[in-house]
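Structure first, commentary second.
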Amino acid sequence: MTSVALPRLRRSVLYVPGANARAIAKARMLPADVVILDLEDAVLPEAKVAAREAVIAAAAGGGFRAGEVVVRINGLDTPWGRADLAAAGASGADAILLPKVRGPADVAAAEAVLATGGFRQRLWLMAETPAAIVRMDAIAAASPRLAAIVMGTADLAAALRVPGGASSPALAPAGALALLAARTHGLDIISGIYPDLADAAGFAAACCADRAAGFDGKTLIHPGQVDTANETFGVSDADAAAAAALVTAWDEAAARGSGIAVVDGRMVERLHADEARRLLALHAAARHA
């Protein structure tokens, strides 16, 4: 029997400081879907080279519970970026996250380095500059390696001079533009961080709002946020059962030659059945995680 490939889970995407060996060791055991080993914002300039060595060794060594290990490099216009990129490409990490992207040329430059080295990693990109937001469609189409867009709401809020920082509702238009680009080009999109670690209720509410806005998961800055993100962006058993019933009703209607089914008094078309199948695939992926 041919097995069906399950989709990638990206409900919880945890940043881990590349200079913190203890945090990296702890991250190996966490149930986050994705771990981002960070060489950029979380590392001081004088620690960049040592952090690179530690992160590359961790990525090459494997052993993470997470389904994906991503390395966030420094920008290619910094003294460390190109060496970070080449090292990450050779490390066996699943993907490389590009920060401070401003246009398609930034993606093309990273693509060229990886292609020259014969590296196969996927590319993720940060949507955290005003230039990126206004060019997001072209950026999202810039490389077949691209797999995900990550909202960098803290940097974007600072650049836009938005009161309230990363949690400001004023950032919603930028998220919507990035979401449109992601869906146009078949990419996942991950929402920004929630910076108040003491506000568990606020974090949970933010996760619910981000899922309702169309995001596939949330970036996290503390292990204590993982379970809430997994639950909120996941598919519950009850939702999976409802999706299965909808698919059954649609299949039965299609077998009768009808393009419409009725489930609990609600009209169901093919698009609803397709979405139900997607939810079932995500539910199955979570069970196998």
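The values are calculated or read from the model by the stated rules, or taken from the named source; none is laboratory data. Remember, it's a predicted structure, so these values are computed and weren't measured experimentally. Cβ coordinates were reconstructed from backbone atoms using ideal geometry, including for glycine residues, and neighbour counts include every protein chain displayed.
A few comments on the model shown:
- Residue check, Arg135 within 20 Å of Val71 (Cα to Cα) and of a type in the set (Lys, Arg): no
- Number of positions in segment 262-271 that are surrounded by 11 or more Cβ atoms within 10 Å (Cβ to Cβ), assigned to a helix (DSSP H, G or I) and either hydrophobic (A, V, I, L, M, F, W, C) or modelled with pLDDT of 95 or more (or both): 0
- In segment 111-134, the condition of being under 28 Å from Ile56 (Cα atoms), touching a His at 6+ places or on another chain (Cβ under 9 Å), assigned by TED's automatic domain parsing to the domain that holds Ala54 and of a type outside the set (D, E, K, R) is met by no residue.
- In segment 158-172, the residues that are within 17 Å of Cys207 (Cβ to Cβ) and among the small types (Gly, Ala, Ser) reach residues that are modelled with pLDDT of 90 or more and in a loop (DSSP other than H, G, I, E, B) with C-beta atoms within less than 7 angstrom, at least six apart or across chains, in these pairs: Ala166/Gly192; Ala166/Ile193; Ala166/Pro195; Ser167/Tyr194; Ser167/Pro195; Ser168/Val162.
Residues are listed down the side, and each one gets a yes or a no for (1) within 16 Å of the chain's Cα centre (by Cα); (2) crowded, with 19+ Cβ neighbours inside 10 Å; (3) not in a loop (DSSP other than H, G, I, E, B):
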site	(1), (2), (3)
Asp84	no, yes, yes
Ala87	no, yes, yes
Ile96	yes, yes, yes
Val107	no, yes, yes
Glu111	no, no, yes
Ala132	no, yes, yes
Ala157	no, yes, yes
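- Hits in segment 196-214 - residues which are of a type outside the set (Asp, Glu) and either touching a residue at least 60 places away in the same chain (Cβ under 8 Å) or in a loop (DSSP other than H, G, I, E, B) (or both): Leu197, Ala198, Ala213, Gly214
- Residue that is farthest from Arg278 (Cα to Cα), among those in segment 233-244 that are outside any helix (DSSP H, G or I) and among the small types (Gly, Ala, Ser): Ser236
- So Val247, is it under 30 Å from Arg266 (Cα atoms), over 13 Å from the mean Cα position of the chain (by Cα) and outside any loop (DSSP other than H, G, I, E, B): yes
- Scan of segment 143-155 for residues that are surrounded by 22 or more Cβ atoms within 10 Å (Cβ to Cβ) and not in a strand (DSSP E or B), ordered by number: Gly152, Thr153
- For segment 184-216, a residue qualifies if it is within 13 Å of the chain's Cα centre (by Cα) and on the phi < 0 side of the Ramachandran plot, and the qualifying residues are Leu187, Asp188, Ile189, Ile190, Ser191, Gly192, Ile193, Asp210, Arg211, Phe215, Asp216.
- Against the numbered list (1) at pLDDT 95 or above; (2) part of a helix (DSSP H, G or I); (3) of a type in the set (A, V, I, L, M), Ala166 comes up short only at (1).
- Any hit, segment 221-232, residues being in a helix (DSSP H, G or I), at pLDDT below 95 and within 23 Å of Leu180 (Cα to Cα): no
- For segment 30-52, the set of residues classified as at pLDDT 95 or above, surrounded by 12 or more Cβ atoms within 10 Å (Cβ to Cβ) and out of contact with any strand residue (DSSP E or B) (no Cβ under 7 Å at 6 or more places or on another chain) consists of Pro31, Ala47, Lys48, Val49, Ala50, Ala51, Arg52, listed by residue number.
- Some residue of segment 16-25 being in a strand (DSSP E or B), of a type in the set (S, T, N, Q) and under 28 Å from Asp227 (Cα atoms): no
- Among the residues listed as Gly259, Gly214, the single one being exposed (fewer than 13 other Cβ atoms within 10 Å of the Cβ) and not basic (Lys, Arg): Gly259
- Test: Ala176 is assigned to a helix (DSSP H, G or I) and either outside the structural domain of Ala112 (by TED's automatic domain parsing) or closer than 20 Å to Ala109 by Cα (or both): no
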